[in-house]
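What follows draws every value from the coordinates through simple rules; no lab data is involved. Computed from a predicted structure; not experimentally measured. Note that we place each Cβ from the backbone using ideal geometry, even for glycine, and neighbour counts take in every protein chain shown.
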Amino acid sequence: MIEAIIIDDEEDGREALKLAVERYCPEVSIKAVAENPEKGLQAIQSLKPQLVFLDVQMPGMSGFDLLQRVSPISFEVIFVSAHDRYAIKAIKFSALDYLLKPVDVDELVHAIGRVKERLSLAESNFPVQSVLHNLQFKSGKIDRVAVPSLEGIDFFNTQDIIYCKAEGSYTSLVLSGQPAVLVSRKLKDFEDLLSESGFCRVHHSYLINLQQVKRYVKGEGGYVILSNDHHVDVSRRKKDEFLSLLDRL
């Protein structure tokens, strides 16, 4: 049995989630329901749950602020959110689970299944730490990205990333003055996280750092020459967006 608590400032949200868990996830036992972050912290400290359903937006202290006050984080987290677009990007990038309000039962069951798998493997909570790092920059450009790995968290300065290339369900990060790194994240995940930080998806296989563009050669779509002299085609449908972003540099 997975012992869990719910932390959500909206009564309707708390009750709906509790009812759905009790009805569709018999392997989960809700030990407490907290209506604000302070009571949520107290429940975490006293009950030591294996799983926390955590609302992202709460007055006074967000779900992420709450996690910053917990050390060590020894439980799984399923985030619950109504709308925070950037938070959802960072959560997905860090391979964590989130549920959009109102909670969909199928998504809830799937998220619980992933939690059970992680608990059975005794995986660490490095993904939680990485999402907290990536969310530090939600009000501006990301200058350092945190990527959870099997051994811990790898940090990369975004200015050192020349381009990201799709390699199936993986992504190859080509870095300035460093060996390329293969990361178990899809290129779309990097696009979502870095699109507001000077990166552009110019081709279905390439996300490039606009600061690393050395030259653009015109053509039907054209191509760019990057700082390491690598040539990357620009697709026709991405050409206008790419040139518009270049003009803003």
- Item | Value of [θ]222 nm, deg cm²/dmol, for the chain, DSSP H segments ≥ 4, -39500 (n - 2.57) each, nearest 500 | -9500 deg cm²/dmol
- Please work out the FRET efficiency for the pair His231 and Gln211, using the Cβ-Cβ distance as r and a Förster radius of 22 Å; give the result to the nearest 0.05. 0.80
- Ranking of Arg144, Arg248, Arg23 by count of other Cβ atoms within 10 Å, fewest first: Arg248, Arg23, Arg144
- Message: Calculate the FRET efficiency for Arg69 and Glu117 from the Cβ-Cβ distance with a Förster distance of 25 Å, rounded to the nearest 0.05.
- Response: 0.35
- If amide H atoms are built 1.01 Å from N in the plane of the peptide, which residues on other chains or at least 5 residues away come under 5 Å of the amide H of Asn36? Asp8
- Most packed first (mean Cβ within 10 Å per residue), the peptides 206-213, 12-19 order as 206-213, 12-19
- Message: Quick one: the Cα spread of the chain along its three principal axes, in angstroms, biggest first?
- Response: 62, 34, 31
- Note on the structure: Counting only DSSP beta bridges with both partners in the chain, the antiparallel fraction in percent, to the nearest 5, comes to 60
